[in-house]
Amino acid sequence: MGRYVPLVQAFATRVLLFHQAVGEVLGIGATDVKAIQMIAVTPMTPSELAERLGLTGAAVTTLVDRLAAAGFVKRERDEADRRSVIVRAVPAGVKKVDALYEAYGKSMSKLLSTYSEREFELIEDWLTQTTALLTEHAATMKR
């Protein structure tokens, strides 16, 4: 267990720094990059985005304004409720983001192909459970 914490801390730091590097290339922040990726998968209201990112409504408004001005997202009226706004990713903006992850994705695919199916299942289980724990503990800190 003594090796676990330093390994995970180093991993988490490198993940954060990688996302920051992507953001720097795009002229935006790491949180902006993650917001684009979330919205690309699931268009959502600013309130939903605020909840997922753990930001205030005002902070998300500023974030969406910044991303819309840079051409990464657009606001659209919700067809089901015209009073509500949905934030959608702009495909050309998503392509810019995805292009910066492409080489890393290929390297990760190559690395993961070296593991057996059983080993990969263990990695997948660990990542799933770790993600749940991170989500739980982050929510606890905000109470």
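The values are calculated or read from the model by the stated rules, or taken from the named source; none is laboratory data. Remember, predicted model here, so these are calculated numbers, not experimental data. Note that we place each Cβ from the backbone using ideal geometry, even for glycine, and neighbour counts take in every protein chain shown.
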Determine the pairs where a residue that is part of a loop (DSSP other than H, G, I, E, B), located within region 93-115, has a partner that is surrounded by 10 or more Cβ atoms within 10 Å (Cβ to Cβ) and not aromatic (Phe, Trp, Tyr) with Cβ atoms under 9 Å apart, the partner being 6 or more residues away or on another chain. Tyr115/Leu122; Tyr115/Ile123
Selection from region 69-82 of residues free of Cβ contacts under 8 Å to residues at least 12 places away in the same chain and part of a strand (DSSP E or B) yields Arg77
All but one of (1) surrounded by fewer than 17 Cβ atoms within 10 Å (Cβ to Cβ); (2) part of a helix (DSSP H, G or I); (3) within 16 Å of the chain's Cα centre (by Cα) hold for Arg88; which doesn't? (2)
Just to verify a result, which residue in region 23-79, among those that are closer than 21 Å to Leu100 by Cα and of a type in the set (Ser, Thr, Tyr), is surrounded by the most Cβ atoms within 10 Å (Cβ to Cβ)? Thr31
Looking at region 120-130, is at least one residue surrounded by fewer than 12 Cβ atoms within 10 Å (Cβ to Cβ), at pLDDT 95 or above and part of a loop (DSSP other than H, G, I, E, B)? no
Sort through Lys34, Lys110, Lys106, Lys74 and tell me the only one that's of a type in the set (Lys, Arg), more than 26 Å from Glu124 (Cβ to Cβ) and out of contact with any Cys (no Cβ under 7 Å at 6 or more places or on another chain). Lys74
Is it the case that region 49-68 has a residue that's over 27 Å from Val8 (Cα atoms), more than 16 Å from the chain's Cα centre (by Cα) and assigned to a strand (DSSP E or B)? no
Has region 6-22 got at least one residue that is buried (at least 17 other Cβ atoms within 10 Å of the Cβ) and either in contact with a Leu (Cβ under 6 Å, 6 or more places away or on another chain) or more than 27 Å from Trp126 (Cα to Cα) (or both)? yes
Pairing a residue in region 28-41 that is over 12 Å from Val73 (Cβ atoms) with any residue that is aromatic (Phe, Trp, Tyr) and surrounded by fewer than 23 Cβ atoms within 10 Å (Cβ to Cβ), where Cβ atoms lie under 9 Å and the two sit 6 or more apart in sequence or on different chains, gives Ala30/Phe18
Residue match in region 81-98 (condition: within 22 Å of Val41 (Cβ to Cβ), out of contact with any Asp or Glu (no Cβ under 8 Å at 6 or more places or on another chain) and modelled with pLDDT under 95): yes
In region 9-27, is there at least one residue being more than 13 Å from the chain's Cα centre (by Cα) and not in a helix (DSSP H, G or I)? yes
